[in-house]
Amino acid sequence: MNTAPFDWKRFHAYRVFDEFLERFIIQQKSYVTTHDQPLDLEAAFSEIEEHFNDAIGESEATFEERLAVQFDGASEQSKIVFANIEYLWAMPVGNLNPETKRSYALRWFGEPDHVVSGEGYFFKEPHTIANPGRGHNQNKHIELTALLRVMCLVSEKADLTDLIDLKRQIAEICHSAIYEGVPEGEKFAVTTVCAIHSLLLNLADPDRYESIVSASHREQICGVLGHVVENPSTDREVLLKQIRETLWESYGNAEKPHRKYRWFFYAKDVKPLWFNKDSKKAQRVSSAVFDVQLEEKAVDLEATKVEVTGFRIHRSAKLVKAAKERDNYTCQACTFHFENQIVHVHHLDPISEYKRPKETKLKDLITLCPNCHYLAHYWLRKDDSSQFKQLEPLLEKLRTNSQQ
């Protein structure tokens, strides 16, 4: 991977996020409106907590109707603070247009000159982070509550005047909310893992946290591709980076450089590997297919080893041909044979698990038909056992399966 610093501020979401934190949290002034008076964030958050409550949030009225009832009689300061929170919720997403994003503050302050305009309102790539989907809007009350909690917690730190440290604190709060949950009894406590937590992680530290909003997407990526990593981390955020580094040289190369760097797992040749693999079984199936494709893709490459962040292993076409000739182009499990065609060569030690250069020998290879080749990887993924890296246990398993 390119180790040169990536210029995140060329994209509006990251530049605006820094500006917002500097103005709203550090200076404690409004970012989205033209009010210039200092804000008492502690008092405002307390009043908002009183008004913005779950009981009304669960009514059948529209969000706008609920909000009008909730903030009836609230102070101007609380409305200014809420307008800033709602702006931050909407700012980095691409499924809300600029007019809609600006309308939230205009709801409270109808005069156009009371609400800032300009580049702070955008909705197209490359300046946004993601399109969170319907849940982001349908769960707006919960999402805003989660965001209020994060901003309330960091605003309580009187000595937090450094932007880098402020973003670190935000990332820690969001990471904890996603993977450990939110302690009961806190202000604005929510039990749901929210899209805003993931958005804030990426905004706060885009080099460390992927721009993946969906918790389901994280789970699917790690479930399908986690086995390619040596010493995989138990922290899913770290594991995503490990997977990315392992696949980086071989995948995503058809994308524009900035898009590959920012949205690697959504690249045209990466997303199909994991997308919509919701169940454990679907993840095992996709993982096995990935292994087979990786081995077959390597057939015609020269016998070279290229060092990258991990290692990309190229196998010898001559060695593959020798294995097929040795086995008479016949599947060693089910004995399928057709005119010396339609046969694969399987690595007993899967290429996808190579973490460093390794010399492959003829004895490490076995000829299998496509079906048995797939099953070899499927059983290895399902049982997570080294026994199927050994020739006899593998053949016994495959032969038993073919007789059923």
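The values are calculated or read from the model by the stated rules, or taken from the named source; none is laboratory data. Every value quoted in this text rests on a predicted model; they were computed, and no experiment measured them. Every residue, glycine as well, gets a Cβ built from its backbone with ideal geometry; the counts of neighbours run over all protein chains shown. The accessibility values were calculated without ligands, DNA or RNA, using every heavy atom of the protein model including side chains. Shrake-Rupley method; radii C 1.70, N 1.55, O 1.52, S 1.80 Å.
For ALA130, the residues whose modelled amide H falls within less than 5 Å of its own, excluding neighbours fewer than 5 places apart on the same chain, are GLY94.
Once the other residues with Cβ under 10 Å from the Cβ of ALA333 are scored (Lys, Arg +1; Asp, Glu -1), what is the net sum? Residues close to ALA333 contribute a combined charge of +1. Distance from the C-alpha centroid of the range 87-122 to that of the range 123-143: 14 Å, rounded to the whole angstrom.
Would you look at the GNM of the chain, springs on alpha carbons closer than 10 Å, and say which of VAL69, VAL193, VAL228 moves the most? Result for the chain, Cα springs under 10 Å: VAL69 fluctuates most. Applying a 4.7 Å Cβ-Cβ cutoff to the chain leaves CYS152, CYS174, CYS194, CYS222, CYS334, CYS372 as cysteine residues with no disulfide-compatible partner.
Just to confirm the number: angle between the C-alpha axis of helix 215-225 and the first principal axis of the chain, 0 to 90 degrees, nearest 10? Compared with the principal axis, the helix lies near 20 degrees. Springs join every pair of Cα atoms under 10 Å in this Gaussian network model of the chain, and among LYS321, LYS79, LYS124 the largest mean-square fluctuation is at LYS321.
Close amide-amide hydrogen proximity is noted between HIS344 and LEU368, CYS369, each under 5 Å apart and 5 or more residues distant or on a separate chain (H modeled in the peptide plane; Pro and chain starts excluded).
Couplings 3J(HN,Hα) of the range 366-373, computed from phi: 9, 8, 9, 6, x, 5, 5, 4 Hz, in residue order, whole Hz [Karplus 6.51 cos²θ - 1.76 cosθ + 1.60, θ = phi - 60°; x for Gly and Pro]. Express in whole angstrom the spacing between the alpha-carbon centres of the range 190-248 and the range 261-285. Cα centroid of the range 190-248 versus Cα centroid of the range 261-285: 12 Å apart. Per the 1.4 Å probe, what fraction of the accessible area of the chain, in percent, lies on carbon and sulfur atoms? Reported share for carbon and sulfur atoms: 48 percent.
Pairs from the table (LYS271/LYS318; LYS29/LYS157; LYS124/LYS260) lying more than 21 angstrom apart at Cα are LYS271/LYS318. Relative to the longest principal axis of the Cα atoms of the chain, helix 280-297 runs at roughly 60 degrees.
Relative to the longest principal axis of the Cα atoms of the chain, helix 236-247 runs at roughly 50 degrees. For ASP18, neighbours were defined as the other residues whose beta-carbon sits under 11 Å from its Cβ, and their charges (Lys and Arg +1, Asp and Glu -1) total +2. Rolling a 1.4 Å probe over the heavy atoms of the protein chains gives the chain an accessible area of 48 Å² per residue. Put simply, the amide H of THR33, placed in the peptide plane, has neighbours under 5 Å in VAL116, leaving out anything fewer than 5 places away on its chain. Scalar couplings 3J(HN,Hα) for the range 65-81, obtained by applying the Karplus form with A = 6.51, B = -1.76, C = 1.60 to θ = phi - 60°, are 5, 5, 5, 4, 6, 4, 9, 5, x, 6, 6, 4, 4, 5, 5, 5, 5 Hz; x denotes Gly and Pro. When SER216, SER30 are compared by accessible area of protein heavy atoms, the largest-first order is SER216, SER30, using a 1.4 Å probe. Can you match Kirkwood radius over Cα pairs in Å to one of these, (1) 24.2; (2) 25.0; (3) 21.3, based on a calculation from the structure here? Entry (1). For the residues GLU65, GLU230, GLU249, a GNM of the chain with alpha-carbon springs under 10 Å puts the largest fluctuation on GLU65.
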